[in-house]
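Encoded as structure tokens, the structure appears first; notes follow it.
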There are 2 protein chains.
Amino acid sequence: MRQNAVMLELAILGFLYDAPLHGYELRKRISALTGHVRPVAESTLYPAIKRLEKAGLLVRATEPGAVAAPRHVLRLTDDGRLELRRRLAEPDERDITDENRWFAVLAFLRHLDDAPAQAAVLRRRMAFLEEPASFFYDGDRPLRAEELDDPFRRGVLTIARATSRAELTWLRDTLESLGG
Amino acid sequence: MRQNAVMLELAILGFLYDAPLHGYELRKRISALTGHVRPVAESTLYPAIKRLEKAGLLVRATEPGAVAAPRHVLRLTDDGRLELRRRLAEPDERDITDENRWFAVLAFLRHLDDAPAQAAVLRRRMAFLEEPASFFYDGDRPLRAEELDDPFRRGVLTIARATSRAELTWLRDTLESLGG
DNA sequence: ACGCAATACATCGGCACCGATGTAGTGTCG
DNA sequence: CGACACTACATCGGTGCCGATGTATTGCGT
């Protein structure tokens, strides 16, 4: 399974969990969520929908077109709803470490509807963020922003650090309010 | 050209700009730079190297293996050096909007070695960050963190906002010191 | 002496990606 | 009432992705 596909399928399942939608509307919502990072080509969305349909996670019902061409309204099956909750409860390692995929998980995590399970997922992310890491190394030793004379690489580290701090603060607050 | 390929090729050109490297070392450096987000499969790296070789941007010289198997030391050609500077000076729109690709540009922007050109690239990113944007919409209206009752989606917005602020601060400081 | 890990490179096959392109109906503005 | 934009769905083809797998060498631990 390709990286993109994993994220795309999660987004499809996540948006449909709330309400049935047709492809075009789905595409707009996915574009808003991840579009500036990675625009969704329609020719990527439709095959993804077909894969999920084939796997029995969603069904398509053709409705006469009220505004334009006939719509295929997409609706999750019970298996589909189960599968979304499974993917949210047991995200794989890359869902935790890849920022894009992690945000996709976060965007739908409320569907898990189980505070301890949600807290467990947040704690996995917290453990990952607390590991020391850098983007640039001197041999094996991670370089800190202050050690770089390149202002652009210093920027990379400065921004990454600010993000990481903001996220850790949010994680701690949220874990507390989840009664972790 | 695929999204991933663009970023991967930039990283290859960027790391080789400093010094010739063999594939294995290149892979380690790319992994440090982007690995937690998107691990580089060796079977993706080698075809990318071949593409760049075919395009005349780098050459491979076989050296007897000092430690293990014979190494193919990769060295940028003059065309390759020119091409990196071109890609840095004229990043396409997605290099600006896609966070992953933007950080790859930043990691090598010093190679551009031309303060006004560097400043122009930073200003493009600044313009993008200053556009109002959200991940979630009520119709067409972007939703703010405070309006969401979903704590996880609120987290997405809170973290994104902190990142954006940190980056804007850094951009302004750096533009000033570049004499923009 | 042997196994295992690490270094270093490489191929293959199935599938995913996505730009280009096509079809068809609806809304609207001049 | 013709042009154009938008909604909505769909296919095709060339290319990239990447897990699985293979080859060969060095070197360390026990």
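Matching residues to (1) touching a Gly at 6+ places or on another chain (Cβ under 6 Å); (2) surrounded by 16 or more Cβ atoms within 10 Å (Cβ to Cβ); (3) under 30 Å from A:Leu109 (Cα atoms); (4) more than 9 Å from chain A (Cβ to nearest Cβ):
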site: B:Trp102; (1), (2), (3), (4): no, yes, yes, yes
site: B:Asp113; (1), (2), (3), (4): no, no, no, yes
site: B:Glu131; (1), (2), (3), (4): no, no, yes, yes
site: B:Glu147; (1), (2), (3), (4): no, no, yes, yes
site: B:Gly155; (1), (2), (3), (4): no, yes, yes, no
site: B:Thr158; (1), (2), (3), (4): no, yes, yes, no
site: B:Thr174; (1), (2), (3), (4): no, yes, no, no
site: B:Ser177; (1), (2), (3), (4): no, no, no, no
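Within the stretch A:20-52, the set of residues being more than 11 Å from DNA strand D (Cβ to nearest atom) and within 14 Å of chain B (Cβ to nearest Cβ) comprises A:Arg29, A:Ile30, A:Ser31, A:Ala32, A:Leu33, A:Thr34, A:Gly35, A:His36, A:Val37, A:Arg38, A:Pro39, A:Val40.
Just give me the residues in the stretch B:88-100 being more than 9 Å from every other protein chain (Cβ to nearest Cβ) and either under 8 Å from the mean Cα position of the chain (by Cα) or more than 15 Å from A:Phe152 (Cβ to Cβ) (or both), in sequence order.
Hits for the stretch B:88-100 are B:Glu90, B:Asp92, B:Glu93, B:Asp95.
Remark: pairs (first residue in the stretch A:81-109, under 22 Å from B:Leu148 (Cβ atoms); second residue aliphatic (A, V, I, L, M) and not in a helix (DSSP H, G or I); Cβ separation under 7 Å; 6+ apart in sequence or on different chains) = A:Glu99/B:Val37; A:Asn100/A:Val37.
Any residue at all in the stretch A:48-57 that is touching a helix residue (DSSP H, G or I) at 6+ places or on another chain (Cβ under 9 Å), β-branched (Val, Ile, Thr) and touching a residue at least 24 places away in the same chain (Cβ under 8 Å)? Yes: one or more hits.
Of the residues making up the stretch B:114-129, those that are closer than 14 Å to B:Thr163 by Cβ and either free of Cβ contacts under 8 Å to residues at least 40 places away in the same chain or among the basic types (Lys, Arg) (or both) number 2. Across the stretch B:115-135, not a single residue is classified as hydroxyl-bearing (Ser, Thr, Tyr) and in a helix (DSSP H, G or I).
Consider the stretch A:22-52. How many of its residues are in a helix (DSSP H, G or I) and within 13 Å of DNA strand C (Cβ to nearest atom)?
17
Every listed requirement among (1) within 12 Å of chain A (Cβ to nearest Cβ); (2) farther than 18 Å from A:Gly35 by Cα; (3) over 21 Å from the mean Cα position of the chain (by Cα) is met by B:Arg141 save one, (2). Restricting the first member to the stretch A:1-15 and to residues that are without any contact (Cβ under 8 Å) to a residue 60 or more places away in the chain and closer than 11 Å to A:Arg38 by Cβ, and the second to residues that are within 9 Å of DNA strand C (Cβ to nearest atom) and outside any helix (DSSP H, G or I), the beta-carbon pairs closer than 8 Å and six or more apart or on different chains are A:Asn4/A:Arg38; A:Leu8/A:Val40. Which residues, counting only those in the stretch B:150-180, are polar (S, T, N, Q) and more than 14 Å from A:Phe103 (Cα to Cα)? Those that are polar (S, T, N, Q) and more than 14 Å from A:Phe103 (Cα to Cα): B:Ser164, B:Thr169, B:Thr174, B:Ser177. Name the single residue that is farthest from B:Arg172 (Cα to Cα) among those in the stretch A:157-171 being touching an Asp or Glu at 6+ places or on another chain (Cβ under 9 Å) and of a type in the set (Val, Ile, Thr). Step by step, filter the stretch A:157-171, then rank; the result is A:Thr163.
Bear in mind these aren't lab numbers, they're just calculated from the coordinates by the rules spelled out. Please read these numbers as outputs of a predicted model, since none were measured by experiment. Cβ sites come from the backbone with ideal geometry, for glycine too, and all protein chains shown count toward neighbours.
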